[in-house]
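The values are calculated or read from the model by the stated rules, or taken from the named source; none is laboratory data. Just so we're clear, the structure is a prediction, and the values are computed from it rather than from any experiment. Cβ placement follows ideal geometry from the backbone for every residue including glycine, while neighbour counts extend to all protein chains displayed.
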Amino acid sequence: SLDDALDSVMIFGHNHAFTSLSNSLGDRYIDNLPTSGLVKIELAIDNWGDLKKGKTVLSIFPRDLK
């Protein structure tokens, strides 16, 4: 559970769960979230208990940094 006083959270982990999480919460399909990949999803909620699909506003993958 998250404190509703938090406006932003950052979650770290490993695939395949994070690809699934990104696709469940974001509005853009990601085939594979690679190691060191980053996805930012903005949520229009006031309480973490009201979690619902948001807008995928940023994705950066290692191949993009070359």
Counting only residues that are in contact with a Leu (Cβ under 6 Å, 6 or more places away or on another chain) and assigned to a strand (DSSP E or B), which one in region 16-50 is farthest from K66 (Cα to Cα)? I41
Condition met for N15 (surrounded by 12 or more Cβ atoms within 10 Å (Cβ to Cβ) and at pLDDT below 95): yes
Exactly one condition in (1) surrounded by fewer than 15 Cβ atoms within 10 Å (Cβ to Cβ); (2) out of contact with any Pro (no Cβ under 8 Å at 6 or more places or on another chain); (3) of a type outside the set (S, T, N, Q); (4) assigned to a loop (DSSP other than H, G, I, E, B) is not met by L58; state its number. (4)
Output the residues belonging to region 18-32 that are loosely packed, with under 12 Cβ neighbours inside 10 Å and within 28 Å of D3 (Cβ to Cβ). S24
All but one of (1) in contact with a Gly (Cβ under 9 Å, 6 or more places away or on another chain); (2) surrounded by fewer than 10 Cβ atoms within 10 Å (Cβ to Cβ); (3) free of Cβ contacts under 8 Å to residues at least 12 places away in the same chain hold for I45, so report the exception by its number. (2)
Take region 33-44 and flag every residue that is modelled with pLDDT under 95 and either among the polar types (S, T, N, Q) or under 24 Å from A5 (Cβ atoms) (or both). T35, S36
Here is a check on your reading of the model: is L33 in contact (Cβ under 8 Å) with a residue 12 or more places away in the chain, of a type in the set (A, V, I, L, M) and on the phi < 0 side of the Ramachandran plot? yes
